[in-house]
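The values are calculated or read from the model by the stated rules, or taken from the named source; none is laboratory data. Just so it is clear, the structure is predicted and the values come from calculations on it, not from any experiment. Here the Cβ is made from the backbone with ideal geometry for all residues, glycine too, and neighbour counts use every protein chain on show.
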Amino acid sequence: MELDRTTALSYFLRFLAGNPDGDAATRALVLGALAPMGAIAACVYAHDGDESLELAGNYGIDEELVSGYRVLSLAMPMPLAEAFITLNPIVLPESELVTRYPILSTEPSLVDGTAMNGGKGTLVFVPILNSGVAIGGVIILQADLHEWQPADWQYLDGITAALSMWMNNQREILVDRWRRSAPAPQRDIRISERQREILELVGLDRTNGEIAKSLGYSVPTIKKDLQHLMKLLATHDRRSTAGRAREIGLLPERRRGE
């Protein structure tokens with residue numbers, strides 16, 4: 001198996017040396033370098049130099065699903081964003097994705113993992129580092145539940161090092177190619193109109209009683225919706241919920257004096 005991994009990584013390095021486009025590189029990643037680890041799909045993201053990760057390559061994930069995640073805001077409580085910010089990989093059973101990251105429950109095709117591998121696989125979210133600085137990330141889907149061992153991490157280090165060299169050379173080209181070939185707005189979080197109204201009033205520092213009176217609902221209903229929004233946005237109080245909502249565009253920025 002070690003020889004198989006060494007051979008797979010060697011071929012992958014040679015392929016990347018030709019500076020392929022993102023989809024071709026991701027295809028080689030899945031079918032070549034990650035094949036000994038049972039990978040069936042992957043997405044590669046490049047840091048846009050600002051506050052987002054942008055899709056640079058995809059192989060194996062349904063295009064309809066990927067289209068909603070072409071841009072990942074680093075402000076969103078999502079696994080790849082977390083891995084990128086902390087510089088630590090995240091591994092979890094596919095069936096636990098929505099439980100661990102409730103914000104993804106707003107994407108109906110992700111519920112229970114039915115859009116990927118029926119909830120039966122393992123998802124791995126890994127930052128791509130260059131000189132200790134994150135420049136991108138990769139999402140890996142393995143066909144089965146996989147208990148990662150030290151040898152697996154050592155092998156993945158080699159793969160991400162290869163991706164780092166390729167991405168560092170190609171990053172601007174990759175992001176520009178995506179923007180020209182498949183422009184798409186950042187995905188919106190799906191919340192109800194009532195929840196959006198509640199967010200707006202929370203952003204204006206209204207109390208639950210004031211919100212209930214203004215919208216014509218009971219205070220318990222307002223509390224329940226607020227709890228759902230906090231869980232969705234991974235926040236713990238009203239102020240941070242309003243702040244997170246502004247960060248990802250659910251609420252407009254407050255003007256001075258408001």
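Of note:
- Scanning the range 56-77 for residues that are touching a Leu at 6+ places or on another chain (Cβ under 6 Å) and under 19 Å from L232 (Cα atoms) yields a single hit, L72.
- Taken over the range 228-243, the criterion of being surrounded by 14 or more Cβ atoms within 10 Å (Cβ to Cβ) and in a loop (DSSP other than H, G, I, E, B) is satisfied by A234, T235.
- Selection status of R246, modelled with pLDDT under 80, in a helix (DSSP H, G or I) and more than 20 Å from the chain's Cα centre (by Cα): no
- Subset of the range 71-102 (residues that are surrounded by fewer than 19 Cβ atoms within 10 Å (Cβ to Cβ), hydrophobic (A, V, I, L, M, F, W, C) and out of contact with any Asp or Glu (no Cβ under 6 Å at 6 or more places or on another chain)): I85, L87, I90, V91, L92, V98
- Residue list for the range 7-36, filter: polar (S, T, N, Q) and not in a helix (DSSP H, G or I): N19
- Y101 being in contact with a helix residue (DSSP H, G or I) (Cβ under 8 Å, 6 or more places away or on another chain), modelled with pLDDT of 90 or more and not assigned by TED's automatic domain parsing to the domain that holds K231: no
Here's the yes/no breakdown for (1) in contact with a His (Cβ under 9 Å, 6 or more places away or on another chain); (2) of a type in the set (K, R); (3) outside the structural domain of D144 (by TED's automatic domain parsing); (4) touching a residue at least 60 places away in the same chain (Cβ under 8 Å):
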site	(1), (2), (3), (4)
N19	no, no, no, yes
A25	no, no, no, yes
G32	no, no, no, no
M37	yes, no, no, yes
A42	no, no, no, yes
D48	no, no, no, yes
V66	no, no, no, no
A83	no, no, no, no
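- Considering only residues in the range 45-70 that are under 13 Å from the mean Cα position of the chain (by Cα) and of a type in the set (S, T, Y), the one that is surrounded by the most Cβ atoms within 10 Å (Cβ to Cβ) turns out to be Y45.
- Residue in the range 20-37 that is under 11 Å from the mean Cα position of the chain (by Cα) and of a type in the set (A, V, I, L, M, F, W, C) present: no
- Every condition in (1) part of a helix (DSSP H, G or I); (2) modelled with pLDDT of 90 or more; (3) surrounded by 19 or more Cβ atoms within 10 Å (Cβ to Cβ) is met by A42 except one, and the failing one is (1).
- Condition check for D144: outside any loop (DSSP other than H, G, I, E, B), in the same structural domain as Y69 (by TED's automatic domain parsing) and either closer than 19 Å to F84 by Cβ or at pLDDT below 95 (or both): no
- Some residue of the range 193-201 being surrounded by fewer than 13 Cβ atoms within 10 Å (Cβ to Cβ) and modelled with pLDDT under 90: yes
- Pairing each residue of the range 215-227 that is assigned to a helix (DSSP H, G or I) with any residue that is surrounded by 13 or more Cβ atoms within 10 Å (Cβ to Cβ) and β-branched (V, I, T), provided the two are 6+ apart or on different chains, yields C-beta distances under 8 Å for L215/I198; L215/I222; I222/I198; I222/I211; D225/I198; L226/I198; L226/V202; L226/T241.
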